[in-house]
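Note sheet for the following structure.
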Amino acid sequence: MQIVALIILGVCAIFLLYQDLKSRMVSWFLFPLIMICGITYSTTSLTISIDEFIRNTFINLLFLGSQFVALKAVFFIRKGKIREIVGQLIGWGDIVFLICCCVFFSPINFIVFYCLSLVFILSAHFLLRIGNSRYRNAETVPMAGLQAIFLFIYAICGEFMNINLSVDNWILIHMMN
């Protein structure tokens, strides 16, 4: 069942990236599909209970909320006034996509995914600006689309490496050694 969820995730990620690159707008129906894929992926692993899944999702949402508050604080400190971030600096699609990602991961895995995906987005955007004249002067970043592709790659790598992204034990074991 996890493989089916990952295949559907891959198709959704391709559509999301295409729409995000083309028009910087994405179809809303992709988000519930991605969330269903994440719930299916996490809850069918047989190593995580529903209680753990709910706890992990809640902790991941708290992490995202703290990121948003920190971002708001940084812009307040820099500009001296409260600025509308959502809609002007970050698109709603980016936020909703990150919320959907919360159901895929345990907390440590989510933080690793989040950080690595931002590095991936910056690198991919830089390469797009260099390699494609259409994006050379782009002022916006197709964050949701690039992050969707990275989510798919990250989850597939986890499958091939036999790593369950819904539990933190593999990261904790590597950190202790």
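Quick note: the coordinates plus some simple rules give every number you see, no bench work behind them. Remember, it's a predicted structure, so these values are computed and weren't measured experimentally. In this analysis, Cβ positions are derived from the backbone assuming ideal geometry, glycine residues included, and neighbour counts consider all displayed protein chains.
Normalised by the residues of the chain, what does the relative contact order come to in percent, with Cα pairs under 8 Å and at least six apart? Don't jump to the answer; show the numbers that get you there.
Details: 177 pairs, mean separation 56.9, N = 177.
Dividing the mean separation by the residue count of the chain yields 32 percent.
So how strong a dipole does segment 2-176 carry about its Cα centre when Lys and Arg Cβ are +1 and Asp and Glu Cβ are -1, to the nearest 20 debye? Spell out each step's value before the answer.
Details: 11 positive and 8 negative charges, 177 e Å.
With only Lys, Arg, Asp and Glu charged at Cβ, the dipole is about 860 debye.
Would you please put 103-110, 117-124 in order of how densely packed they are, using the mean number of other Cβ atoms within 10 angstrom per residue and starting with the highest? Write out the running numbers ahead of the final one.
Working: 103-110: 23.1, 117-124: 15.5.
Top of the packing list down: 103-110, 117-124.
Beyond 19 Å, how much of the Cα-Cα pair distribution for segment 1-75 remains, as a whole percent?
Numbers: 1508 of 2775 pairs.
Of all Cα-Cα pairs in segment 1-75, 54 percent lie more than 19 Å apart.
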Rounded Å value of the spacing that divides the Cα centres of segment 100-126 and segment 1-78: 10 Å
Placed amide H near Ile90: partners under 5 Å, 5+ positions off or other chain: none
Pair-distance profile P(r), taking every C-alpha pair of the chain, with 5 angstrom steps and integer %: 1, 8, 16, 20, 19, 15, 11, 6, 3, 1, 0
Restricting segment 1-65 to chymotrypsin sites (Phe, Trp or Tyr not before Pro) in coil, as DSSP defines it, with at most 13 other Cβ within 10 Å: Trp28, Phe29
Positive-end residue of Asn60, Leu6, Thr40, charge dipole of segment 2-176 with Cβ unit charges: Asn60
Burial ordering of Met35, Met1, fewest other beta-carbon atoms within 10 Å first: Met1, Met35
